[in-house]
Amino acid sequence: MNTITLAGLYPEEAYELIQDKLPENFNIRFAKSQEELNALEDLEFVILRTLKIDGKLIESNPKLKLIQRWGAGFDTVDIEAAGTMNIPVAVASGVNSCAVAEHAILLMLATYRNLIPLNINTKKGIWDRSTYSSSSYTIDGKRVGLLGLGAIGKMVAKKVSALGADVQYYDIFRLHEEKENELNISYVDFETLLKTSDIISIHLPLTEGTKNLINEEAFKKMKPTSIIINTSRGEIIDENYLAEALRSKLIMGAALDSFSEEPYPSDGILNSIDNLIMTPHIGGTVVDLTRPMVEKVLGNIDRVHKGMPLSKVDFVNSKLCTYPVE
């Protein structure tokens, strides 16, 4: 019998679905906290959400066959340590793209139309149609700059184009011109994107190269009327300088769904800033995705169990690992 460890906390409906769809000859156990996960020494297949797997945990589990992320990010796994131990690390590429893209656009619209203060005032009986009229905007006709153009970035590009935006992007891997034309987007360098975008939306993985990418220098290049949206990883933005940039009106506003520390502390520097919207990293958390996510993660586990190749879009450490890739 093979064991899948479900590490972290999951939507309630996921537990029943995973039990129902377990591959033959598999059982499941749970590690709901980091302490519970760190104490395990006989990991085989892990589905990981919210928790972390470091090199020490990988090295202490020689039977480990696959680390499967619930979602698209992989910064909670020591990729190099897994590669050294020849353990594949997989993500559920594309499953949550639409949900995260929609959340990014929700945050753009909520920021541009001052949704939060208008909702609060209206519920208080304050029928105020003028205070925010001079700071409310449409996405139509604006230039949206995408930092990163993976599955989620491409989905955002399609959706904001439909709203009438002009879309540009920066990514270390540029698309072929034919694909850019198909998506109706243009490539620019990082500095140009910062200087010319009305809305900047971040869709990058967290790496040594992207950590604090949006720092003091970057903020000072942005338009004073610009807004920045982050639905990827919190540490890509220097949160201390973001607070300063928002308070001093160096930029007009921001909306974050991810933070350098999660859960974000109640005494955090960002909590008292009016021109900032915060949500608790729930861009991909919608009931519609539970079934396809379960099917994806269990499908990858079944493939590894049978020795079948993993898809190159899911297999994030394929260059460090000899496991087959298709």
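Which one of these does ARG174 not meet: (1) in a loop (DSSP other than H, G, I, E, B); (2) touching a residue at least 40 places away in the same chain (Cβ under 8 Å)?
Result: ARG174 fails condition (2) only.
Is it fair to say ILE28 is crowded, with 17+ Cβ neighbours inside 10 Å, in contact with a strand residue (DSSP E or B) (Cβ under 9 Å, 6 or more places away or on another chain) and modelled with pLDDT of 95 or more?
no
Which of (1) assigned to a loop (DSSP other than H, G, I, E, B); (2) within 21 Å of LEU204 (Cα to Cα) does ALA218 not meet, given it meets every other one?
Condition (1) is where ALA218 drops out.
Return the pair list, or none, for Cβ contacts closer than 6 Å from residues in region 237-248 that are within 12 Å of MET222 (Cβ to Cβ) to residues that are charged (D, E, K, R), at least 6 apart or on different chains.
Within 6 Å, the pairs are TYR241/GLU216.
Could you check region 1-18 and list, in sequence order, the residues that are surrounded by 12 or more Cβ atoms within 10 Å (Cβ to Cβ) and either over 23 Å from HIS281 (Cβ atoms) or aromatic (Phe, Trp, Tyr) (or both)?
Hits for region 1-18 are ASN2, THR3, ILE4, TYR10, TYR15.
Take residues that are farther than 30 Å from ASP314 by Cα and modelled with pLDDT of 95 or more and tell me which of the helices (runs of 4 or more DSSP H) falling wholly in region 71-144 contain 2 or more.
It comes to 97-112, 115-123.
I'd like to verify a number: residues in region 137-163 that are closer than 14 Å to ILE199 by Cα, among the β-branched types (Val, Ile, Thr) and in contact (Cβ under 8 Å) with a residue 40 or more places away in the chain, how many?
Residues flagged as closer than 14 Å to ILE199 by Cα, among the β-branched types (Val, Ile, Thr) and in contact (Cβ under 8 Å) with a residue 40 or more places away in the chain within region 137-163 amount to 4.
Taking the stated definitions as given, is ILE58 free of Cβ contacts under 8 Å to residues at least 40 places away in the same chain, part of a helix (DSSP H, G or I) and either in contact with a Leu (Cβ under 7 Å, 6 or more places away or on another chain) or hydroxyl-bearing (Ser, Thr, Tyr) (or both)?
Yes; evaluated as a whole, the condition is true for this residue.
Output the residues belonging to region 145-162 that are assigned to a loop (DSSP other than H, G, I, E, B) and touching a Lys or Arg at 6+ places or on another chain (Cβ under 9 Å).
Answer for region 145-162, where residues must be assigned to a loop (DSSP other than H, G, I, E, B) and touching a Lys or Arg at 6+ places or on another chain (Cβ under 9 Å): just LEU149.
Before we move on, is LYS154 crowded, with 16+ Cβ neighbours inside 10 Å, over 24 Å from PHE259 (Cβ atoms) and under 22 Å from the mean Cα position of the chain (by Cα)?
So LYS154 passes the test.
The values are calculated or read from the model by the stated rules, or taken from the named source; none is laboratory data. From a predicted model like this one, the values you see are computed outputs, not experimental measurements. With ideal geometry, Cβ positions are generated from the backbone for all residues, glycine too; neighbour counts draw on all protein chains shown.
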